[in-house]
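Below is one structure, written out as structure tokens, with a few remarks after it.
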Amino acid sequence: VFEKRITTGPMAIADVKKFYADVFFFSCSGISAESGITGIETRSCEVCAEMMHRATTKVLLCDSTKASKNYLWHLADFNQTDYVVMDSVPDDGELVRAIGKRLITDVKQL
């Protein structure tokens, strides 16, 4: 049986502060024009936010089911990312405008 585990909290943040990355790929629980990039769990958001400070290029990987959804914890604004990679263009025009030129998706959809 495979168990899913995640390291969070002060020890994880202390460890992250030891690293720098050229590219940081991360995900989220939801994205919206009004709230930006959000998550469900505060401690994992804190670790992710710390790693964002330590990366040259930040790439949000987000499937379309997360579009136009807000969750409890604010992770980042779109201007803190370099790219937002999605499986399809969101139906929410306001969200598409908020993401702007950072959006990468199937070119046939644009």
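The values are calculated or read from the model by the stated rules, or taken from the named source; none is laboratory data. This structure is a prediction, so every number in the text was calculated from the model and none was measured. Heads up, the Cβs are rebuilt from the backbone with ideal geometry, glycines too, and the neighbour counts pull from every protein chain shown. These area figures cover heavy atoms from the full protein model, side chains too; ligands, DNA and RNA do not enter into them. Shrake-Rupley method; radii C 1.70, N 1.55, O 1.52, S 1.80 Å.
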(request) Give the accessible surface of segment 27-92 per residue, rounded to a whole number of Å², with probe radius 1.4 Å and ligands, DNA and RNA excluded. (result) 48
(message) Below 15 angstrom from the Cβ of Ala12, what's the summed charge of the other residues (Lys, Arg +1; Asp, Glu -1)?
(response) +1
(request) Step through the table entries Lys4/Lys58; Lys18/Lys101; Lys17/Lys101, compare each Cα-Cα distance with 26 Å, and write down the pairs that go over it. (result) Lys18/Lys101; Lys17/Lys101
(request) List every residue whose amide H lies under 5 Å from the amide H of Ala76, counting only residues 5 or more places away in sequence or on a different chain, with H placed 1.01 Å from N in the peptide plane. (result) Ile37
(request) Using the Karplus curve 6.51 cos²θ - 1.76 cosθ + 1.60 with θ = phi - 60°, work out ³J(HN,Hα) for each residue of segment 43-48 in order, rounded to whole Hz, and write x for Gly and Pro. (result) 5, 6, 5, 5, 5, 4
(request) Whenever you get a sec, compute what percent of the accessible area on segment 5-110 sits on carbon and sulfur atoms (1.4 Å probe). (result) 54
(request) Please name whichever of Ser88, Val16, Ser44 sits farthest to the positive end of the charge dipole of the chain, dipole taken about the Cα centre and charges placed at Cβ: Lys and Arg +1, Asp and Glu -1. (result) Val16
(request) Assign unit charges at the C-beta atoms only (+1 for Lys and Arg, -1 for Asp and Glu), then state the dipole size of segment 1-80 relative to its Cα centre in Debye, rounded to the nearest 20. (result) 140
(message) Amide H of Leu103 versus every other amide H placed in the peptide plane: which residues, excluding those fewer than 5 positions away on the same chain, fall under 5 Å?
(response) Val84
(message) For the ranges 12-25, 65-78, 33-46, what's the packing order if you count other beta-carbon atoms within 10 Å of each residue, average per peptide, and put the highest first?
(response) 33-46, 65-78, 12-25
(message) Eigenvalues of the Cα gyration tensor times 5, then square-rooted: what semi-axes does that give for the chain, in whole angstrom, largest first?
(response) 25, 15, 13
